[in-house]
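Have a look at the structure below, then the notes.
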Number of protein chains: 2
Amino acid sequence: MATHMTPDEFRRHGYAVVDWIADYWSTLDQRPVTSADPPGTVAARLPAGPPEQGEPFDRLLADLDTVIAPGLTHWQHPRFFGYFPANTSGPSVLGDLLSAGLGVQGMLWSTSPACTEVETVVLDWLAELLDLPARFRSTGPGGGVIQDSASSAILIAILAALHRAGGGRWRGHGVERAYRVYTSTQGHSAIEKAVRIAGLGDAGLRTVAVDPETLALDPAALRTAIEADLAAGLVPAAVVATIGTTSTNAIDPIPAIGELCREYGLWLHVDAAYAGSAAVCPELRWSHAGLEYADSYCFDPHKWLLTGFDCDAFWVADRAELVAALTVLPEYLRNAATESGAVLDYRDWQVSLGRRFRALKLWFVLRWYGAEGLRAHIREAVALADRFAAWVRADERFEVVGAHPFALVCFRLRPTGDDDADDVANAELLSRVNATGRAYLTHTRVGGRYTLRLVVGSPYTREEHVAQTWRLIGDTAAALPSRPS
Amino acid sequence: MATHMTPDEFRRHGYAVVDWIADYWSTLDQRPVTSADPPGTVAARLPAGPPEQGEPFDRLLADLDTVIAPGLTHWQHPRFFGYFPANTSGPSVLGDLLSAGLGVQGMLWSTSPACTEVETVVLDWLAELLDLPARFRSTGPGGGVIQDSASSAILIAILAALHRAGGGRWRGHGVERAYRVYTSTQGHSAIEKAVRIAGLGDAGLRTVAVDPETLALDPAALRTAIEADLAAGLVPAAVVATIGTTSTNAIDPIPAIGELCREYGLWLHVDAAYAGSAAVCPELRWSHAGLEYADSYCFDPHKWLLTGFDCDAFWVADRAELVAALTVLPEYLRNAATESGAVLDYRDWQVSLGRRFRALKLWFVLRWYGAEGLRAHIREAVALADRFAAWVRADERFEVVGAHPFALVCFRLRPTGDDDADDVANAELLSRVNATGRAYLTHTRVGGRYTLRLVVGSPYTREEHVAQTWRLIGDTAAALPSRPS
């Protein structure tokens, strides 16, 4: 009968898994980026029910090749340019492996002190690397914590904002008043979702107009919206501003927004999920101007800083406000360390009670690469994106859409004047490029028009991969049905 | 300068990490279960800031021994009996390692079909293993999904309940009415937190009285509470019932609660975070009677089913209701598969947008152990807990508190009549036992009185570990200041 895996069995099978991953990474370039199989293909390869008897490990590993790999979108692929990348790295995977092996649960400081203390210190390191305002450091009243994603970070920022806006009533009595949260029309859908989860309803979110050129939030429109809501007896509570929107990497004017938040007493959360990583490079920190106004800030090392999903780094300027909003203390969690007030209990900084030792992978990444290694990684991606944009610009069939301050380039076929036909052509272009399996890009709409997005991020992406993809796009465009010009 | 870890470097360092974990597991028994170091000890061992240059991997790994391990509470230790255990296993760790190496992001079916399809199938397998009602299978209108924890599962169940109770208004307009959620006085603190996050405030939670003997929710009291709220113009929305409460493993009467929920149109969520794993054994399934009434149900394979944190298995009877409550669809997430309606997009089943391939570790565990291996694991823990309870009962200095249907035993020094003195003595006993580092237990209060909890769960726990711990408890009790008898 199946029994627990012995340490020696673990050693043997563990080596095999490490080898499998090394081989997988080495052969990514030769794999199609996405699967062409229709829905249900993977499920159909699996037995209808669980096995009664245990199976040998070799059979599990073999199924990785036959069942799993053919059904994946390979996010680590050097020609994956979709969404925002979610890139990992060797040191991250090994830090995560250690976390899994240790299997500690860091809900309280006392349930594994190292799990909490390493996280606090590493988030301070990261604040230093990005040159974040001093108020976010744990050495003052602020501090950092790892969330699973920017979605959760936005949610808890909004909860803290409601706690503040409600003057203490929210915790006890919930959403009794018509609280309002503001973001630009380009804010991430996670903001809408967080506002809904927090019980404000979709009506609780005000999407503020943007500058039509830069797609950055228009502070005058924000002021107008706040004033209108106040006049209507509603309760402005928070602004979620974005550095590097998902659609086009627009950068909201944080200093102007921050002034408004200060004037009206609103919580300012800054979501730099993707672009925050860029701030490891001094020459890209202009994007973070005004961050000293923020009550909270987050970015995702799991997007562009070589740390595997899930790792969102979230800071608050006043941790006591956050803890006051979220804490609940039943008897079975009481302990001397908590009562001493000398420790952080990260369960009070997040939605869930339990938490993994996610700081290990981040600690490993920061140490393996060092600051200069991380900067080199960001610069390489920005340079490749610049090169791609130059190729697009030099081709009269295409146009680059807007600025590309980081490593996202928006582009499309040059407009013909027939918007609908252009949208169809661009969608068809994307569909055909992706159908080859040789590259993967995604899309957005800019000014209502279908637009392709290419984001460089994978540590395996070299100039040749970007060049191959550009040739593929050009060749595919050439084969499209001809359009009026 | 530090560069990306090559596949060959990953192989070499990966073997070293696998060896480190195997050695760690082999030596757990010789380690103190907890650290005696005061707050700040681990942080003081770390440099003040991040390194400018990258460091060799060997130095990272060495710090595991010198910086990290001495600051851990070893949750996988054979003499860790606190909280609920969060036990992992070799196959889980290796499945998780593969997930980290693949680095795919399963927010949408289309962003990695295998990530979604394996999860759907494995949750169907698990439903079969626990003999859950057919309505939870994905082959009908229901389905399962992995959440990070039961906290999140409770939260999204409440959100779906509000969507239903609001008759469609909640999504658009939020918490406009005084919705109420019910649980027993013994319900987990995560319920209070979820109710607060959902914008109902602490007043939104009604804690219903329990039977003083069994500590199970009293259905008559539940009916009274619902009726009173209805009479007051409030809006009952959901009941969160528990199979195996955290404090004492009380089992709420699901059939009676289910009848009430049906009568009043309330959403019934059943939280079996810990005890759900027991249902793999037919002889323990009596605990799940009445589950056919539930709209949603969850349990944590990361507690007692050998799957590493985070892995909460959550099912809904009607997935369309859940998706309707949570979905938000921006342009950049639109895709043909979603629009076809032929696929599940798990982003709509959870708080966050992004998600890891967590099903891999669960799939590996189910296959490595097989149904019979998992049943053996549960039975071993229950048998060891029974043995411990028998030793407690046979010692006139102690008493077992309440039933112990699973592997949690509540016990304390036999009462002297002086409650306060008894509480002090029991707290002192626990404190002294834990201070030895030779075992780790936690506490609760039962009927207001300080009570010790011992939970068996680690795959490394053998009878000798329980016996050593019982001797330690007895010896420690003997050395306590004498009490009146």
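Coordinate-derived values only; no laboratory data. Just so you know, these numbers come straight off a predicted model, no measurement behind them. Heads up, the Cβs are rebuilt from the backbone with ideal geometry, glycines too, and the neighbour counts pull from every protein chain shown.
Distance from the C-alpha centroid of the range B:173-221 to that of the range A:189-244: 32 Å, rounded to the whole angstrom.
When both the range B:285-354 and the range A:1-46 are represented by their alpha-carbon centers, they are found 24 Å apart.
Per the rotation superposing chains B and A, the chain B residue found at the smallest beta carbon distance from the axis is B:Gly199, 1, distance in Å.
Adding -39500 (n - 2.57) for every DSSP H run of four residues or longer, then dividing by how many residues the protein assembly as shown holds, sets the calculated 222 nm ellipticity at -13000 deg cm²/dmol. What the Cα atoms of the range A:104-356 give is an Rg and a Dmax of 17.5, 56 Å. Apply the a/c threshold of 1.5 to the C-alpha gyration tensor of the range A:1-50 and tell me whether it is rounded, prolate or oblate. It comes out oblate by the Cα gyration axes. About its Cα centre, the dipole of the range A:246-328 is roughly 140 debye, where the only charges are +1 on Lys and Arg Cβ and -1 on Asp and Glu Cβ.
Neighbour counts of C-beta atoms inside 10 Å place B:Leu266, A:Leu64 in the sequence A:Leu64, B:Leu266, starting with the fewest. Gyration tensor over the Cα atoms of the range A:79-194: the corresponding equivalent ellipsoid has semi-axes (square roots of 5 times the eigenvalues, largest first) of 29, 22, 16 Å.
Calculated over the range A:302-388, the projected area of the Cα convex hull averaged across directions stands at 8.1 nm². Restricting attention to the protein assembly as shown, close to 60% of DSSP beta bridges with both partner residues there are antiparallel.
Between copies, B:Ala231 shows label-point distances of 4.7 nm, shortest first, with the point placed 7 angstrom from Cα along Cα to C-beta. For A:Thr41, inter-copy separations between label points set 7 Å beyond Cα along the Cβ vector come to 5.4 nm, shortest first.
Here B:Lys193 is the anchor, and no lysines lie within straight C-alpha reach of less than 17 Å, apart from those fewer than 8 places off in the same chain. Positive end of the dipole of chain B (Cβ unit charges, origin at the Cα centre): among B:Ala439, B:Gly201, B:Ala320, the Cα lying farthest that way belongs to B:Gly201.
Listing B:Val239, B:Val210 from fewest to most neighbouring C-beta atoms within 10 Å gives B:Val210, B:Val239. Rounded to the nearest whole Hz, the Karplus-based 3J(HN,Hα) values (6.51 cos²θ - 1.76 cosθ + 1.60, θ = phi - 60°) of the range B:355-365 follow the sequence 7, 7, 8, 6, 5, 4, 5, 5, 4, 5, 5, with x at glycine and proline. The base-10 log of I(q)/I(0) for the range A:56-114, evaluated at q = 0.20, 0.23, 0.26, 0.29 Å⁻¹, reads -0.97, -1.02, -1.06, -1.10 [Debye formula, identical scatterers on Cα atoms, solvent excluded].
Kirkwood hydrodynamic radius of chain B from all distinct Cα pairs, in Å? After inverting the mean inverse Cα-Cα distance, the result is 24.3 Å.
For the range B:371-388, backbone phi angles converted through the Karplus equation (6.51, -1.76, 1.60; θ = phi - 60°) give residue-by-residue couplings of 4, 6, x, 5, 5, 4, 4, 5, 5, 4, 5, 4, 5, 5, 5, 4, 4, 4 Hz, Gly and Pro being listed as x. Ordered by the number of other Cβ atoms lying within 10 Å of each residue's own Cβ, fewest first, A:Asp348, B:Asp419, A:Asp124 fall into the sequence B:Asp419, A:Asp348, A:Asp124. How would you classify the range A:366-478 from its alpha-carbon gyration tensor, with a ≥ b ≥ c the square roots of the eigenvalues: rounded for a/c under 1.5, else prolate if a/b is greater than b/c, otherwise oblate? Taking the square roots of the gyration eigenvalues as a ≥ b ≥ c, the range A:366-478 is prolate. Residues whose amide H comes within less than 5 Å of that of B:Ser184, counting only those at least five positions distant or on another chain, are B:Val208 (H built at 1.01 Å from N in the peptide plane). Restricting attention to the range B:142-247, close to 10% of DSSP beta bridges with both partner residues there are antiparallel. Applying 1/(1 + (r/R0)^6) with R0 = 45 Å to the Cβ-Cβ distance of A:Asp37 and B:Ser26, what FRET efficiency is obtained, to the nearest 0.05? Given R0 = 45 Å and the Cβ-Cβ separation, E is 0.60.
Where both bridge residues fall in chain A, DSSP classifies roughly 60% of the beta bridges as antiparallel. Summing Cβ point charges (Lys, Arg +1; Asp, Glu -1) relative to the Cα centre of chain A gives a dipole of roughly 120 debye. Residue-wise HN-Hα couplings along the range B:118-125, as the Karplus relation 6.51 cos²θ - 1.76 cosθ + 1.60 with θ = phi - 60° gives them from phi, are 5, 4, 4, 5, 5, 5, 5, 4 Hz; Gly and Pro carry x. A label point on A:Ala289, set 7 Å along the Cα-to-Cβ line, lies at 7.1 nm from each of its counterparts in the other copies, closest listed first. Each Cα pair under 8 Å and six or more residues apart adds its sequence gap; the mean of these over the residue count of chain A is a relative contact order of 21 percent. For the range A:286-336, the percent of C-alpha pairs falling in each 5 Å distance bin, counted from 0 to the bin holding the largest distance, reads 5, 15, 15, 17, 17, 15, 9, 6, 2, 0. On the basis of the beta-carbon distance and an R0 of 30 Å, A:Arg462 and B:Tyr15 show a calculated FRET efficiency of 0.65. Volume per residue of the convex hull around the Cα atoms, evaluated for the protein assembly as shown, comes out as 147 Å³. Classify the range B:441-485 from the C-alpha gyration tensor, please: rounded if a/c falls under 1.5, else prolate or oblate depending on whether a/b exceeds b/c. Because a/c hits 1.5 or more and a/b fails to exceed b/c, the range B:441-485 counts as oblate. For the range A:341-485, averaging the sequence separation of C-alpha pairs within contact (under 8 Å, six or more residues apart) and dividing by the residue count gives a relative contact order of 20 percent. Note on A:Arg334/A:Asp395: beta-carbon distance plugged into 1/(1 + (r/R0)^6) with R0 of 45 Å gives a FRET efficiency of 0.10.
Only one residue of B:Phe136, B:Gly168, B:Val365 has its Cα farthest out toward the positive end of the dipole of chain B, where Lys and Arg carry +1 and Asp and Glu -1 on Cβ, and that residue is B:Gly168.
The charge dipole of the range B:98-155, taken about the Cα centre with unit charges on the Cβ atoms of Lys, Arg (+1) and Asp, Glu (-1), comes to about 120 debye, rounded to the nearest 20.
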